[in-house]
Each structure stands twice: as structure tokens, then as C-alpha cells.
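The values are calculated or read from the model by the stated rules, or taken from the named source; none is laboratory data. It should be emphasised that the depicted structure is a prediction, and the values quoted were computed from it without experimental measurement. A quick note on method: Cβ atoms are made from the backbone with ideal geometry, for glycine too, and the neighbour counts reach across all protein chains shown. We work out accessible area using only protein heavy atoms, side chains counted, and drop any ligands, DNA or RNA first. Shrake-Rupley method; radii C 1.70, N 1.55, O 1.52, S 1.80 Å.
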Amino acid sequence: MNCCFTGHRLIKSTRNLEYTIKKELKALIEVGVTDFYSGGTYGWEAMCELTVLKLRKKYPHIRLHLILPCPAKEHTAEWDGRRREIYYKIMNSADSVEIVSEEYFDGCVKIRNMRLVETADRCFCYYNEKNIGSGTAQVVRMAVSKGIDVINICPAESADFVDNCL
């Protein structure tokens, strides 16, 4: 089984959130999820990607796959150095990297989002439902439309949006 990640970029990384991600991913692995697909961005997705990479030590059969909207240089052009460093560490450790467009254009992120959902039997997300115009909302709507399980661990009253995340 496969699981995709989607979530907001600007969320606060806390020990409780990291524990919850690890616990939920272990539960997914225990029910047969072996392949995890992510869009390769900072915040929620980076937290999930790094957790999968750590869990591979205990579960060597699991795989991390990145589906990127465009080449890394364009995808990370406006990111700070720390975020880019983490991004390249994850990209170099992933089991596969798919790039949906050879250059950035307005629709490449939507195509990436469709590919994420195409691959998935489950969707693990951090989605604040107040943010209905986000890419995360788009992926969640696509997943619901496809009829796959969506596991959302964002509290409805979440105020965890900050600008000091991964």
C-alpha cells in the first residue's frame, strides 16, 4: 500500500507533533503501507520525509518517493539556505525522485498534486480547514474525491502556523 503526504508549510515543529507523526507512520506501516510519496516541500512534508528516513532503520522495507513539480533549483529558488540544505539531504536519501515538469509553470504544482493522489491508497496530512485555497486543501479534496482514507492530525483550532519550520 502507498501513502501520500500533504500539509502546510508554515507549521511549528514540536516534540508532540514529531511524536504524533512517528506514531501515525508506524501505524500505517503496521497495516501494510510500504511506500510513502511526498511533494518535497518544507514544513509538514519535510517533517514526514525525515521521519520516514529515520523509520527505515527499523523498517528497511519502506520507501520514500518524491514527486517534484519542477527541478530542484527552481523549486527551492526562494527558500533560505537551511530549508534548501534539508531538501537536498532528503532528495539524496529518497528511493526515487520524479520531476513532473522540466521547468516551473503555473500548473506544475497542480500536476504534482494529482500525481501524489494517483499514487496513494492513503493520505496523511496536516490540513487546517480554514485554509481552503491552499495546495494542501487541493490534495485533500482530490483524495476525498478518489475515495481514499485521509488522516488529518491538524487540530481544528490550530494556531501552529509560524515561519520557523523546516
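A Cβ-based charge dipole, computed about the Cα centre of the chain with Lys and Arg at +1 and Asp and Glu at -1, lands at about 540 debye. The calculated Kirkwood hydrodynamic radius for the chain is 15.7 Å, given to one decimal from all distinct C-alpha pairs.
Heavy-atom accessible surface of K26, to the nearest 10 Å², is about 60 Å², with a 1.4 Å probe and all protein chains retained.
Computed with every protein chain present, the accessible area of M47 is close to 10 Å² [probe 1.4 Å]. Simple rule: put +1 on each Lys or Arg Cβ and -1 on each Asp or Glu Cβ in the chain, find the dipole, and look at T119, Y59, L25; the Cα lying farthest toward the positive end is Y59.
Tell me, what is the FRET efficiency for V31 and D106 to the nearest 0.05, using R0 = 30 angstrom and their Cβ-Cβ distance as r?
Between V31 and D106 the formula returns 0.20.
The calculated pair-distance distribution of the stretch 43-132 uses every alpha carbon pair, bins of 10 angstrom beginning at 0, and gives 14, 45, 36, 5 percent. Cross-link partners of K58 among lysines, defined as those whose alpha carbon lies under 22 angstrom from its own and excluding same-chain residues fewer than eight positions apart: K22, K23, K26, K89. Taken one residue at a time, the phi angles of the stretch 46-53 give Karplus couplings (6.51, -1.76, 1.60, θ = phi - 60°) of 4, 4, 5, 4, 5, 5, 4, 4 Hz. Gly and Pro are set to x. Across all directions, the shadow cast by the convex hull of the stretch 1-74 built on its C-alpha atoms averages 5.2 square nanometres. The portion of the accessible surface of the stretch 46-153 made up by carbon and sulfur, rounded to a whole percent, is 50 (1.4 Å probe; DNA, RNA and ligands excluded).
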